[in-house]
1. Sort through ALA125, ALA150 and tell me the only one that's in a helix (DSSP H, G or I), surrounded by 14 or more Cβ atoms within 10 Å (Cβ to Cβ) and modelled with pLDDT under 85.
2. Name the residue that is farthest from TRP95 (Cα to Cα), counting only residues in the stretch 26-51 that are modelled with pLDDT under 90, of a type in the set (A, V, I, L, M, F, W, C) and surrounded by 13 or more Cβ atoms within 10 Å (Cβ to Cβ).
3. Sort through ALA54, ALA11, ALA23 and tell me the only one that's hydrophobic (A, V, I, L, M, F, W, C), surrounded by 13 or more Cβ atoms within 10 Å (Cβ to Cβ) and within 30 Å of ARG118 (Cβ to Cβ).
4. Among all residue pairs at least 6 apart or on different chains, which show Cβ distances below 6 Å where the first residue, located in the stretch 113-126, is touching a residue at least 12 places away in the same chain (Cβ under 8 Å) and the second is surrounded by 11 or more Cβ atoms within 10 Å (Cβ to Cβ) and not polar (S, T, N, Q)?
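The values are calculated or read from the model by the stated rules, or taken from the named source; none is laboratory data. Given the structure is predicted, the values throughout are model-derived calculations rather than measurements. A quick note on method: Cβ atoms are made from the backbone with ideal geometry, for glycine too, and the neighbour counts reach across all protein chains shown.
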Amino acid sequence: MSVTATRIWSALEDAVAALERLAQLLADERRALGRRASSVQLKRVAAGKRATAAVLEQADAARLSALHEAGYDSPAEAMEHFLRHAETPELVVLWQGFLVRLREVRALNEANGLAIRRSQALVSAELSLLQGGAAMGGVFYDAAGSCSHAARGRIISRA
């Protein structure tokens, strides 16, 4: 295996490991969202995702650097060109596996994003209901949690 292929192999192994860690963090995030975990737990997962994404970006930068130093300038096509000319079928398999796992991790991330948007919509609807909303004719509770002036005479606000 050439020096370039070895450097790319190493970078891809690092990237695959980061993707596996990211997939685990996304699964943790999904479970935390499902049980409406505390913001501390979600912040911990988010910090792990940011750190893992940084590792993934470093691995990709190392891969692109190796390709650039080997004379492949177009990031979009460099890997495919390199693999076509390098006689390293193991590297082709690793690259294809990386791409498959990357798509899976993106799908997990999108699913979590959808779950977060749904949760936000539900919380907004619940908050609107507690505040009385426009359809209810005024606000029951103000931002401080106190009974609003418009609701003081209502039975529900005195309960």
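1. Working: ALA125 fails: surrounded by 14 or more Cβ atoms within 10 Å (Cβ to Cβ).
Residue meeting the stated conditions: ALA150.
2. If we take residues in the stretch 26-51 being modelled with pLDDT under 90, of a type in the set (A, V, I, L, M, F, W, C) and surrounded by 13 or more Cβ atoms within 10 Å (Cβ to Cβ), then ALA37 is farthest from TRP95 (Cα to Cα).
3. On the way: ALA54 fails: surrounded by 13 or more Cβ atoms within 10 Å (Cβ to Cβ); ALA11 fails: within 30 Å of ARG118 (Cβ to Cβ).
It is ALA23.
4. ALA115/LEU33
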